[in-house]
Every structure is written in structure tokens, then in C-alpha cells.
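Colleague: First the structure, then my questions, so here it is.
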Amino acid sequence: MTTADDYVVQLLVDHQLIAEDVVEAARAQIQANEYEGELETAVLNLLVEHHYFSWEQVTEVLGHAFSMEVIDLTHVNPSEETLKKVPADVATRYHVLPLQFDGNELSLAICDPLDVNRLDSLAHIIQMSINPSLATPDALKSAIEKFYGNEESQRMSDMFSGMETDDGTNKPTAGSDEKDDDQAPIIRYVRMIILEAIRLRASDIHLEPLEKRFRIRYRIDGVLQEIENPPKRLQPSIISRLKIMANVSIAEKRKPQDGRIQVKDKEKDLDLRVSVLPTAYGESIVMRILDKEGLKLGLPQLGFFSDDQAIFEKLIGLPDGVFLVTGPTGSGKSTTLYSALNAINTPDRKIITVEDPVEYMVAGINQVQVRKEVGMTFASALRSMLRQAPNIVMVGEIRDKETAEIAINASLTGHMVFSTLHTNDAPSAVTRLIDIGIKPYLVSAALRGALAQRLVRKIHPDCKVPYTPTEREIIAMGMNMTEASKVNFYTAKGNAQILTGYKGRAGIFEIFVMNEELESMIYKGATLVELRLKSRELGMRTMREDGIRKVTTGMTSIEELLKVTV
């Protein structure tokens, strides 16, 4: 933290944040070699690790002692011009972040006001006077990584500086073993974009042509994060390179196109589903990263608690009927269905799927690709599939009356049918099928259940901190102050390794299970409100209620829950 450890510790003692005898015990422990750490910061590190005080409190004390402003770096956004005043390697080496430039004075965030020599050296290097403010060490490190990027991003910058426009016609794959020296700069850069996205666990890569820049963003745990943008002049070359890799026409720039890229990274095979869409300023490309390892998740890893898992396993193990997974795009419906198919994929069962497109190739399952141009629609594929005598059929999505009718009829003739539907909650699956044109008596006879789901980010164990919710948040969760006072709530606080404090996502679920009473209500034309009230009486938990359970166990935060449920 500082270069004058004893002085800072004495300040903390003076401010009554720590007792002198505790400090002496810490020094004795260090002298006895019971603690490993850097000598000059050992006492502070040890005391922080034992929760006597936090780095935030240390920074506040230093700010008071040196009459310096303490700032929250999560709310700062320095301009590119300001960041250029301090090169990335200098900012990292001197552990500073430029905040604002005014004439000949540069406002900087620092964490060590006692290292005067370092500040003097920095002022000499950048040739301007410095106005320092204080921030915590972890926050400063995270901010430097956020605004300057990691070593990979720095290599991208170096690459940009010497990169000439390239037509992207060389064609090694993103996982090629060829040496970078033998590849054109554009090829190396495109490969770097893909492999960096995989390293960061991104689910999508967005390349978006804007009026004056070419923006690249990764979707990580459901949140888009922008990376360093390449020069606008390289936009045509990068897009051409990706279109060649995806095996789509580089000459066609007026129509949407879809392709696929296969990537091998550290012995792991991944597929990238590529969508090309013409926009006002060029072609926009979105690549969905399909990680086959995600299909091997067990049901608890999807986010099921044991009681919901038991209900889900019972539903997917039924011999016939229709089971629907509902939710908006990107809510994990496909992952849940594939995980269900994996759980029941045994040698004595024949499973056939019809998808548009086939996202994951699964061993032991017959998968059919929809091809509308040759007449292979969901409906026509379903008809042919039933002649193959399957036990289980999965339809990628029920989009129209014809597909819904065939799926319903298949279930009534002894097949178990899985599919997805776009509805806001589980009981709405019933009214959605009726709206499509299915007779209520067929819905009541065929439907076995529906699962609605959303995804919430999981708090990383190292970033979990206690949180006191506001009265408004407590009311929004349907709790009262007395109930909330008995629960430990948590939120995420990022660190240098995990900037957001969240890592990975889990589902929150609402399981609608049919029974004779609900079948009778559907047959008689019950409204959605009536169905929802009755299913609640029968024990169905809403997604928000399931989410509250996961908030109270520390899996996720109130903020995440309120973001995805109503």
C-alpha cells in the first residue's frame, strides 16, 4: 500500500481504527515468520486480512491526513485524450490513472501519497504538473486494467500501429497451429479477437460498424463489455476475413447471411455461429460461441434446487406429452433442453431433434437442420421424423399453428415432445398455444408442464460482501422489514481479477405442472389469471420467489434479481 508502513499504522491507531496492542501482536507474528508478504506492507496486509479495517478506511485516513480528495473510480470515465497523457506501461508501472486534463495540469488517481519521489519522477516523464487524488489499491488496479486493457489488448494496439489494409483472403482457422509470423496482420488480429473472447468466457462477439468507429464488444455473463476498437479503416478487411472463415459470400453485402466457424482452443472444440447483417455503415457481425462443455452441466449447475430438480426430472422422464421451456432470447432455454436430453439420452431411447440452426452436435442424438430453401421446415421435418419411430422429439421452437399441431399430435400418439416458446411466464404457455390456434381440449390433453426461466449472474465467492437492502428493494421482493432482518443479503464487489464481482450465470425457474384440475380449467376456457392463481394454490413458485431463495443463499444479488423479474 505505502512506502511508510509504520507511519500509516500510527495514523490508524490515532483514528482509533486499531488498538496498539493488536498492532504489536501483528508485528510479532511477522517477526516470527508466521506471515508471508512484502516487508514494507506486511503489517497492513495482515491487519486487513484479519478484517480489523479495510483498504477503504486506510484510504479515508490518508485522505484526511494529507487533505486529499478520495474518489470512487467506478464512476469515472476519462476521455481517450486524457488517457493518452500517460502511456499504458507508465500508468501500470507507477500505478496511476489519469482522470482529467486542464491546461498544463493533469488530475491523477493514486493510492500512495507518501511516495513523493515516484510522483516527482512521473511529473518529469509526462512533462506536466500533477494534481493527485486518492483511491484504494484494488480499485485503482481494476480501473487501470479497464481503461488501458491487459497485455493482450496492448499487443492489439501494437498491431494496429503497423497494420496495413488486408483483403483477408488467407484462410487458416481461428484455432490454426500456424505461427503468427506466417500470417497476415488481419488474420492474427481476428484470431486474437476470438481467442480472447473464449478466454474471457464470452457468449457472443459483436462487431458493429458505426459512423466514425468500428466497435467490438463481448457479452460476458449477459452483459456487453466494449474492448479496444480497431481503426475504422480496417473494418472491411476484418469483416471480409470473418466472412471467409464462416464460409459465406464476401461479394454479397445486401442480404443477411449465416455461417459457422470451428475453433480449437487448448484441446477444446468450439463452434461459432455467425450472423451477418447489412446496416447503414457496413455489415454487422455477431458470433455466438457454442461451448459443448456447457451441455455437460448437471441440473444443479443450471441453478436447480433439489425440490425443483426432482419435479423437472419427473417431467422430462414421462413417456409422452409436451414439455415446453419458455423465456426470451438469451435466457438459456437451449442449454436447459440440451441438458435435459443428455440426462435422458440412454441406449434404449431414440431421440431426434429438428433445429434452426443445429447449435450443438450431441453424440447419440439424431439432429435435423431446418432448410427452408428446399422445403425442410419445422413442420415437414416433424412429419418425416415421426416415421422414424422416435421415443423423444425435440423441436427447436414452436413458431406457428402447423408446427404446434404436429407436435401436439405426436405427443398424443405416444411420443415425448420437448420444445421452446416465447412467453413471459410458465402458465402463459397454455394461452400462447391456444392463441396460435390449438384447441383447448388438445392443449389440456397433451401438455405435461412448462418451465419459464431467466438467467442471473452469480456472485464470485471472493467478491461476496454483506449488503443491506433498501426498504424499496425489500418491498419489491415481496418481503417485509421483519422478514428481511432475519436474512443475510450479499452483493458483488469486484477486484483486480474479476472486475464486476460476478462470474458465471444460473437460472431462476418457474415450473408449471399439469394436473386434472388444471386440465379441466383449460378445457372450459379458463383465463391466464385463473390458471396462474390456481397453479400458485397448487404450490407453483414464481421466478421472483425462486430468485429470492437464491438471493438469500448468497448465490446472486437483489440487483440481479430485480433486473430480470417483475
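The values are calculated or read from the model by the stated rules, or taken from the named source; none is laboratory data. Computed from a predicted structure; not experimentally measured. Backbone-built Cβ (ideal geometry, glycine too); neighbour counts: all protein chains shown. For accessibility, only protein heavy atoms count, side chains too; no ligands or nucleic acids. Shrake-Rupley method; radii C 1.70, N 1.55, O 1.52, S 1.80 Å.
Colleague: With θ set to phi - 60°, apply the Karplus curve 6.51 cos²θ - 1.76 cosθ + 1.60 along region 55-72 and write out the HN-Hα couplings as whole Hz, x wherever there is a Gly or Pro.
Modeller: 3J(HN,Hα) across region 55-72, in whole Hz: 5, 4, 5, 4, 5, 4, 5, 5, x, 5, 5, 9, 6, 10, 6, 9, 10, 9.
Colleague: Pop out the ³J(HN,Hα) list for region 122-136 in order, Karplus 6.51 cos²θ - 1.76 cosθ + 1.60 with θ = phi - 60°, rounded to Hz; leave Gly and Pro as x.
Modeller: 5, 4, 5, 5, 8, 6, 7, 6, 10, 10, x, 10, 9, 9, 6
Colleague: Using protein chains only and a probe of 1.4 angstrom, how many square angstrom of His124 are accessible, to the nearest 10?
Modeller: His124 exposes around 130 Å² with every protein chain in place.
Colleague: Given the rule -39500 (n - 2.57) for each run of at least 4 DSSP H residues, summed and divided by the residues of the chain, what is its mean residue ellipticity at 222 nm, to the nearest 500 deg cm²/dmol?
Modeller: Taking each H run of at least 4 residues, the total per residue is -11500 deg cm²/dmol.
Colleague: Remind me, relative contact order of region 45-159 in percent, using alpha carbon pairs under 8 angstrom and six or more residues apart? Numbers along the way, then the final one.
Modeller: Numbers: 129 pairs, mean separation 31.1, N = 115.
Computed value for region 45-159: 27 percent relative contact order.
Colleague: Taking only C-alpha pairs under 8 Å that are 6+ residues apart, what is the relative contact order of region 339-403 in percent? List each step's numbers first, then the result.
Modeller: Values: 75 pairs, mean separation 24.4, N = 65.
Contact order relative to length: 38 percent.
Colleague: Work out how much length Val22 to Lys439 would gain on full extension: take 0.36 nm times their residue separation and subtract the Cα-Cα distance, in nm to one decimal.
Modeller: Numbers: separation 417, 0.36 × 417 = 150.12 nm, distance 7.55 nm.
Going from the current span to full extension adds 142.6 nm.
Colleague: A further question on this structure: Explain nothing, just the number: dipole magnitude of the chain about its Cα centre with +1 on each Lys and Arg Cβ and -1 on each Asp and Glu Cβ, in debye rounded to the nearest 20. Can you show the working numbers first?
Modeller: Numbers: 65 positive and 81 negative charges, 655 e Å.
That gives a dipole near 3140 debye.
Colleague: First measure r as the distance between the Cβ atoms of Asn345 and Arg213, then evaluate 1/(1 + (r/R0)^6) with R0 = 41 Å and state the FRET efficiency to the nearest 0.05. Intermediate results must be reported in sequence, preceding the final value.
Modeller: Numbers: r = 46 Å, r/R0 = 1.13.
Computed FRET efficiency for Asn345 and Arg213 comes out at 0.30.
Colleague: Might you report the magnitude of the Cβ-based charge dipole of region 379-460 about its Cα centre, with Lys and Arg at +1 and Asp and Glu at -1, to the nearest 20 debye? Walk me through the numbers before you get to the answer.
Modeller: Details: 10 positive and 6 negative charges, 53 e Å.
Magnitude of the dipole: close to 260 debye.
Colleague: Accessible surface of Lys146 in the full protein assembly, 1.4 angstrom probe, to the nearest 10 Å²?
Modeller: 130 Å²
Colleague: At a 1.4 Å probe radius, which order do Met481, Met555, Met385 fall into by accessible area, largest first? All intermediate terms of the calculation are to be shown ahead of the outcome.
Modeller: On the way: Met481 105, Met555 50, Met385 5 Å².
Sorted by accessible area, descending: Met481, Met555, Met385.
Colleague: Classify region 191-249 as rounded, prolate or oblate from the Cα gyration tensor: take a ≥ b ≥ c as the square roots of its eigenvalues, call it rounded if a/c is under 1.5, otherwise prolate when a/b beats b/c and oblate if not. Working shown, then result.
Modeller: Values: a/c = 2.02, a/b = 1.26, b/c = 1.61.
It comes out oblate by the Cα gyration axes.
Colleague: A further question on this structure: Take the Cβ-Cβ distance between Thr553 and Glu252 as r, set R0 to 56 Å, and report the resulting FRET efficiency rounded to the nearest 0.05. Walk me through the intermediate numbers first.
Modeller: Values: r = 51 Å, r/R0 = 0.91.
Here the calculated transfer efficiency is 0.65.
Colleague: What list of whole percents do you get for P(r) of the chain, with Cα-Cα distances grouped in 20 Å bins up to the one holding the largest distance?
Modeller: Values per bin, smallest distances first: 17, 41, 32, 10, 0.
Colleague: Additional query: Under a straight-distance cross-link criterion of Cα-Cα below 24 Å, which lysines are reachable from Lys439, leaving out those fewer than 8 residues away in the same chain?
Modeller: Lys401, Lys524, Lys534
Colleague: Another one. Let me check against my output: what whole-number percent is the relative contact order of the chain, with C-alpha pairs under 8 Å and at least 6 apart?
Modeller: Numbers: 919 pairs, mean separation 50.8, N = 566.
Over the chain, the number comes to 9 percent.
Colleague: Taking every DSSP beta bridge that has both residues in the chain, what percent is antiparallel when rounded to the nearest 5?
Modeller: On the way: 54 of 84 bridges.
Antiparallel: roughly 65 percent of the beta bridges in the chain.
Colleague: Given Thr423, Ala197, Ile474, which one lies farthest toward the positive end of the charge dipole of the chain, if we put +1 on the Cβ of every Lys and Arg and -1 on the Cβ of every Asp and Glu?
Modeller: Going by the charge dipole, the pick is Thr423.
Colleague: Further question: So for the pair Glu145, Ser67, with labels modelled 7 Å out along Cα→Cβ, what separation do we get in nm?
Modeller: It works out to 3.6 nm between the two label points.
Colleague: Also: Gain in length, Glu56 to Asp6, computed as 0.36 nm per residue apart minus the alpha-carbon separation, to one decimal in nm? Let's see the in-between values first.
Modeller: Numbers: separation 50, 0.36 × 50 = 18.00 nm, distance 1.80 nm.
The Glu56-Asp6 span can extend by a further 16.2 nm.
Colleague: Then there is this: How long is the gain from Ala476 to Asp102 if the chain were fully straight, where each residue apart is worth 0.36 nm and the alpha carbon distance is subtracted? All intermediate terms of the calculation are to be shown ahead of the outcome.
Modeller: On the way: separation 374, 0.36 × 374 = 134.64 nm, distance 4.44 nm.
That works out to 130.2 nm of additional length.
Colleague: Another one. For Lys464, give me every one of the lysines with a C-alpha distance below 23 angstrom, ignoring sequence neighbours fewer than eight places off in its own chain.
Modeller: Filter leaves Lys141, Lys146, Lys486, Lys493, Lys503, Lys550, Lys563.
Colleague: What list of ³J(HN,Hα) values in whole Hz, one per residue of region 81-93 in order, does the Karplus curve 6.51 cos²θ - 1.76 cosθ + 1.60 (θ = phi - 60°) give from phi, with Gly and Pro shown as x?
Modeller: Karplus values, whole Hz, x for Gly and Pro: 4, 5, 4, 5, 5, 10, x, 4, 5, 6, 4, 5, 5.
Colleague: Using label points projected 7 Å from each Cα along Cα→Cβ, tell me how many nm separate Thr74 and Val13, to one decimal.
Modeller: It is 3.4 nm.
Colleague: Still on this model: Ordering Tyr148, Tyr189 by accessible area with a probe of 1.4 Å, largest first, what comes out? Mind dumping the intermediate values first?
Modeller: On the way: Tyr148 30, Tyr189 0 Å².
If we order Tyr148, Tyr189 from most to least accessible, we get Tyr148, Tyr189.
Colleague: If you don't mind, another one. Suppose each label sits 7 Å from its Cα in the direction of the beta carbon; what would the Lys401-Ala280 distance come out to in nanometres?
Modeller: The modelled label-to-label distance comes out at 3.9 nm.
Colleague: What order, most packed first, do the peptides 527-533, 446-452 have when packing is the mean number of other Cβ atoms within 10 Å of each residue? Walk me through the numbers on the way to the answer.
Modeller: Details: 527-533: 14.4, 446-452: 23.9.
Order by mean packing, descending: 446-452, 527-533.
Colleague: Largest first, how would Lys550, Lys401 line up by accessible area (1.4 Å probe)? Intermediate results must be reported in sequence, preceding the final value.
Modeller: On the way: Lys550 0, Lys401 95 Å².
If we order Lys550, Lys401 from most to least accessible, we get Lys401, Lys550.
Colleague: How high is the FRET efficiency between Leu412 and Arg387 when r is their beta carbon distance and R₀ equals 22 Å, given to the nearest 0.05? Spell out each step's value before the answer.
Modeller: Numbers: r = 16 Å, r/R0 = 0.75.
E(calc), rounded to 0.05, equals 0.85.
Colleague: For a quick check of understanding: with a 1.4 angstrom probe and all protein chains in place, what accessible area in square angstrom does Asp269 have, to the nearest ten?
Modeller: 80 Å²
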